[in-house]
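Scroll down for the structure; my scribbles are underneath it.
The values are calculated or read from the model by the stated rules, or taken from the named source; none is laboratory data. Just so it is clear, the model here is predicted, and its values are computed rather than measured. Here the Cβ is made from the backbone with ideal geometry for all residues, glycine too, and neighbour counts use every protein chain on show. These area figures cover heavy atoms from the full protein model, side chains too; ligands, DNA and RNA do not enter into them. Shrake-Rupley method; radii C 1.70, N 1.55, O 1.52, S 1.80 Å.
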Amino acid sequence: MEHGAIWDLPTRLFHWLLVAVGIGAAVTGKIGGNLIEWHGRFGLLILGLIVFRVVWGFVGSDTARFARFVRGPRAVAAYLRGEWQGVGHNPLGALAVLALLALIAAQAASGLFANDDIAFQGPLADLVGKEASDRARAWHSLVFDGLIALAVLHVGAIVFYLRVKGRNLIRPMIDGGEARATGAAPRPHHARSIAAFLIAALVASGAVYAAAGGLLPADAPPAQCAPAAW
Amino acid sequence: MKFRNMLLLAAGVAAASGTFAQQAQPKPETLIKWRQSAYQVLAWNGARIKANVEGQYNKDEVVRAANSTAAIANSGLGALFAPGTEQGKGWHDTTVKPELFKDPKKVGELAGNFVREANELAKVAATGDQAAVKAQFGNLGKTCKACHDEFKNKD
Ligand code: HEM
Ligand code: HEM
């Protein structure tokens, strides 16, 4: 992977896939009808992306690692005083990143157990029963409102940087950017091993498989009852 | 004495008929049970149509489910949302939103869309193929969702 870039390729792919599939999930969820089937598929894909990103936060490049960019309140205060120097997410932005990841995970997780009282339910809804599934639906709807608010804040912050502070953060999220080494912040170290990527992809695939009901007992009743004689 | 007995009898009949008159107006709990049950039958019909359009297609089964859906749609479900049923328990606590009782124009519009698509589904089931039924089933589902989004609580 390219040396000196701020964001490695997997992080960038994660981001823009998340944006694209997230829009797809939101739109199909709102439209309903037969598109609700696609909604479920998009949602599972998003779940996979989030799991990938979380694992990548431990085995990925420096700027993607939680241990590196998630900082305490002192660092946030220093950042607000304009004293932060570094590459990657700033200490305040890091909190937004964590909140975004957590809310998206909650959105997808609640969807797995939800039902629409029409003709669709999440692949794990039968595990918890109808009442809990209805509660999951309520959460799914509530969390979505929060997610929209946070996404607006997120994009608003990016636009604020662009227009008011004159810094284009979007470009690096597309082409990786170029990290300048300063005394305080060395150039980020990049995960070079394809193994790290494979591990993250493998864990994500396993999570999607389980979330899609792949681990449920196979002796579930058939979806289609035989037509009755009367 | 005789006259008093007759008076008592008359009073008894009057009281009893009063009771009957009240029973002709079902209790709110009954109305809520009925509407929840009617919607559950819609869900049953939807589940078997879905199973058929996604798997092995059995036309007779789809026709039965579609006709049942259309029949329920045309049954005058609005009567089950009588005043006094804004809150309460049927098979379980009602999930209707109070707005349904305050905006008859909007409910009428959404219910009308639902009836139209249900009738269309019955027609398509009788004449169309699997793909046509699947598409129309999706159109019907959107009208269920439109009303639920507007007038049914999420839990
Ligand atoms: C078109 C609109 C969007 C633009 C231009 C955009 C841009 C960006 C940029 C520039 C960053 C890096 C921030 C930094 O420098 O610290 C970022 C990070 C992030 N964005 Fe967006 N974003 C958009 C939409 C979204 C949406 C809709 C979501 C999800 C709801 C989202 C979730 C995230 C997440 C989770 C990160 C952290 C990335 C990571 O470390 O893996 N973004 N975005
Ligand atoms: C992070 C990804 C997801 C997003 C952004 C999302 C978003 C939405 C939205 C906007 C709705 C419409 C709710 C409303 O109008 O109030 C919805 C409904 C629904 N979603 Fe998701 N969803 C996601 C993941 C999932 C997953 C993974 C599943 C299950 C496989 C799922 C299952 C459902 C169900 C069953 C409904 C219908 C609930 C209802 O009638 O209110 N969702 N979703």
Just for the range B:70-83: of the residues that are surrounded by 13 or more Cβ atoms within 10 Å (Cβ to Cβ) and within 24 Å of residue B:26 (Cα to Cα), which one is farthest from the chain's Cα centre (by Cα)?
B:82
May I ask you to list the residues in the range A:10-28 that are surrounded by 15 or more Cβ atoms within 10 Å (Cβ to Cβ) and of a type outside the set (Phe, Trp, Tyr)?
A:10, A:11, A:12, A:15, A:17, A:18, A:21, A:22, A:24, A:25, A:26, A:28
Answer from B:133, B:107, B:124 - the residue that is within 13 Å of another protein chain (Cβ to nearest Cβ) and open to solvent by less than 50 Å² (accessible area, probe 1.4 Å)
B:133
Answer yes or no: is there a residue in the range A:201-213 that is surrounded by fewer than 12 Cβ atoms within 10 Å (Cβ to Cβ) and either modelled with pLDDT of 85 or more or farther than 27 Å from residue A:41 by Cβ (or both).
no
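Each row is one residue, and each column tells you yes or no for (1) in a helix (DSSP H, G or I); (2) within 11 Å of another protein chain (Cβ to nearest Cβ).
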{"position": "B:116", "(1), (2)": "yes, no"}
{"position": "B:120", "(1), (2)": "yes, no"}
{"position": "B:138", "(1), (2)": "yes, yes"}
{"position": "B:142", "(1), (2)": "yes, yes"}
{"position": "B:155", "(1), (2)": "no, yes"}
So if I check each of B:113, B:67, B:139, which one is open to solvent by 40 Å² or more (accessible area, probe 1.4 Å), closer than 20 Å to residue A:227 by Cβ and not β-branched (Val, Ile, Thr)?
B:67
Residue count, the range A:169-200, condition within 16 Å of ligand 1 (Cβ to nearest atom), at pLDDT 90 or above and among the hydrophobic types (A, V, I, L, M, F, W, C), comes to 7
Can you name every one of the helices (runs of 4 or more DSSP H) wholly within the range A:1-110 that holds 1 or more residues which are at pLDDT below 95, within 29 Å of residue A:133 (Cα to Cα) and of a type outside the set (S, T, N, Q)?
none
Does residue A:143 satisfy the criteria of being open to solvent by less than 40 Å² (accessible area, probe 1.4 Å) and either within 10 Å of ligand 2 (Cβ to nearest atom) or away from chain B (no Cβ under 14 Å) (or both)?
yes
Taking the condition of being outside any helix (DSSP H, G or I) and either under 15 Å from residue B:122 (Cβ atoms) or of a type in the set (Lys, Arg) (or both), how many residues in the range B:26-60 meet it?
1
Exception for residue A:31 within (1) within 14 Å of another protein chain (Cβ to nearest Cβ); (2) open to solvent by 40 Å² or more (accessible area, probe 1.4 Å); (3) within 23 Å of residue A:216 (Cβ to Cβ) falls at (3)
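Here's the yes/no breakdown for (1) buried (at least 20 other Cβ atoms within 10 Å of the Cβ); (2) without any contact (Cβ under 8 Å) to a residue 12 or more places away in the chain; (3) within 14 Å of another protein chain (Cβ to nearest Cβ); (4) not aromatic (Phe, Trp, Tyr):
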position: A:81; (1), (2), (3), (4): no, yes, no, yes
position: A:86; (1), (2), (3), (4): no, no, no, yes
position: A:92; (1), (2), (3), (4): no, no, no, yes
position: A:99; (1), (2), (3), (4): no, no, no, yes
position: A:103; (1), (2), (3), (4): no, no, no, yes
position: A:124; (1), (2), (3), (4): yes, no, no, yes
So is residue A:66 of a type outside the set (Val, Ile, Thr) and surrounded by fewer than 21 Cβ atoms within 10 Å (Cβ to Cβ) or not?
yes
For the range A:1-47, which positions are in contact with a Ser or Thr (Cβ under 9 Å, 6 or more places away or on another chain) and among the polar types (S, T, N, Q)?
A:11
Can you find even one residue in the range A:110-120 that is among the acidic types (Asp, Glu) and within 16 Å of ligand 1 (Cβ to nearest atom)?
no
